[in-house]
Amino acid sequence: MARIRDKWRTWRAHRGEQPPLAEALLDCFPGVVILTDAHGVILRVNPGFEEHSGHPAETLVGRRITCLDVDPLYGDISHALAYCVARRRSWRGVLLCRRADGRLVHQDGVFQPLDAGQGQPLRLLVTLHDITELRQRALHDHALLERLQGTLSRLPGVVFQLRQDPRGGLDFLSLSEGLHSLAGLSSRSVIDRAEALLERVQAEDRAALTASLAQSAVSLEPWRLEFRLETTDDVRWLEGRASPSRRRDGTTLWDGLLIDITPRKQEEQCTQRLVSTDMLTGVLNRRAFFDYGEAVRAHAARQGRTVPLAMLDIDHFKRLNDTHGHAAGDLALQTFAMTCRDCLRPYDLFARIGGEEFAVMLVDTSPEEAWGVLDRLRAAVESVELEVADSLLRITVSLGLAVLPPEGSLDLALSQADQALYRAKHEGRNRLAGSPGYPRIGEEARR
């Protein structure tokens, strides 16, 4: 306690030697401090006035503060002074001032009315702080940002930043202007509501999008996905690529790019059709039949179902070719393929696997139903008439039917169907024969 009392006495003794707080603040303020009357006449300035304004103090005291403005009559200082006096409220803003050497500087200015006592004249306290360098930096940064935004808007895609919160919710933090031409959406609408974009992802691709983002969020491996987006006019293929990062609060950020790859996908699909299509008839070729057939078999196996399949052969095709020429043979093949395709559903597999031989896989069809479907196909082919030269030709088809069991072999099932086809030809052609043990309703169809 004695030590504290001694320190108190020492402070009291030296207090009179220290300048008042207001004086200390004026001395240390890093800018201009001016006291004016209600007309803006300068009454007093701080010691650093000349250093920060370039004007000697003695040359300005008694003059109006507007002399510091680039436009002494109608400049920003005149407006600030009038506002502060009329409303008795402080004013703050950026002022363009002229130094004594003629150099223009931007000042952050504050005009503060001082509370005067009864009958005392109004005084204003004005502070000016030079922000020229800060403003130049801001203008430079703004110009860089505008150039960057211009570059982003011209990119053939959308630059984005996507965030996932710890609960799995998604929202976009930024999207470049290319989103409008890509999806017909404004960046602001998607930033406000991410579902505005995400709900346009086709349903079968939405699950893959969610799963791939979840995997990337866990592994922090780059994200990449091709998916379809529904627009107001059509469906577009997009490729998304992004690099993830984790924040301390548990959120995940992806910085990435969306690119329209619709032309590329169309070319790929066109190439795939060329590779998988028989050029003469337009149906699947042998290679595509086995590729798609394995997929059908695997899908049916997961459900524990069998798949009916058949081998088809145009009767007496060699005789038709030899008698009427290859042009007639080609016409017969094309007409036969079109007739069969019309009798089948779009998702049934129908292929030309060689010469006049064709194969069918009936998807989601029971063996009993398959018998009726293929017999109607046989009858449709029998009713076709081909106009060759001045004569009408008819063609018929023989069919061999077998069943591909859930865990069976496609090659083996086709071999069984081929054996049944041989039996149908041996028994008179233009008929449907089943492999041994094939379930059917009624007798085999005969001519």
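Miscellaneous remarks
- The angle between the Cα long axis of helix 367-382 and the main principal axis of the chain comes to about 70°, on a 0 to 90 degree scale.
- Once the C-beta distance of Leu122 and Asp101 is scaled by a Förster radius of 56 Å, the resulting FRET efficiency is 0.95 to the nearest 0.05.
- Dipole of the chain computed with +1 at Lys/Arg Cβ and -1 at Asp/Glu Cβ about the Cα centre; of Gly372, Thr59, Gln136, farthest Cα towards the positive end is Thr59.
- Counting every other Cβ atom within 10 Å of each residue's Cβ, Tyr438, Tyr83 order from fewest to most as Tyr83, Tyr438.
- Estimated dipole of the chain in Debye, rounded to 20 [Cβ of Lys and Arg +1, of Asp and Glu -1, Cα centre]: 2080
- What the Cβ-Cβ distance of Glu369 and Val218 gives, at R0 = 41 Å and to the nearest 0.05, is a FRET efficiency of 0.35.
- Between Asp108 and Arg287, residue separation times 0.36 nm minus the direct Cα-Cα distance comes to 56.7 nm.
- Only DSSP H runs of four or more residues enter the estimate; each adds -39500 (n - 2.57), and after division by the residues of the chain the mean residue ellipticity at 222 nm equals -13000 deg cm²/dmol.
- Cα centre as origin, Lys/Arg/Asp/Glu Cβ charges: the range 16-134 dipole, Debye: 560
- Net length available on complete extension from Glu230 to Ala82 is 47.4 nm, with 0.36 nm assigned per residue and the Cα-Cα distance removed.
- Lys, Arg +1 and Asp, Glu -1 on Cβ, resulting dipole of the range 277-434 about Cα centre, debye, nearest 20: 240
- Matching label, Cα Rg over 2.2 N^0.38 Å computed from the structure shown, candidates (i) 0.97; (ii) 1.97; (iii) 1.10: (ii)
- FRET E, pair Thr59, Asp255, Förster distance 51 Å, beta-carbon r, rounded to 0.05: 0.35
Values in this text are rule-based calculations from the coordinates and carry no lab data. What you see is a predicted model, and the numbers here were worked out from it, not measured in a lab. Here Cβ is always computed from backbone atoms with ideal geometry, including for glycine, and neighbour counts include all displayed protein chains.
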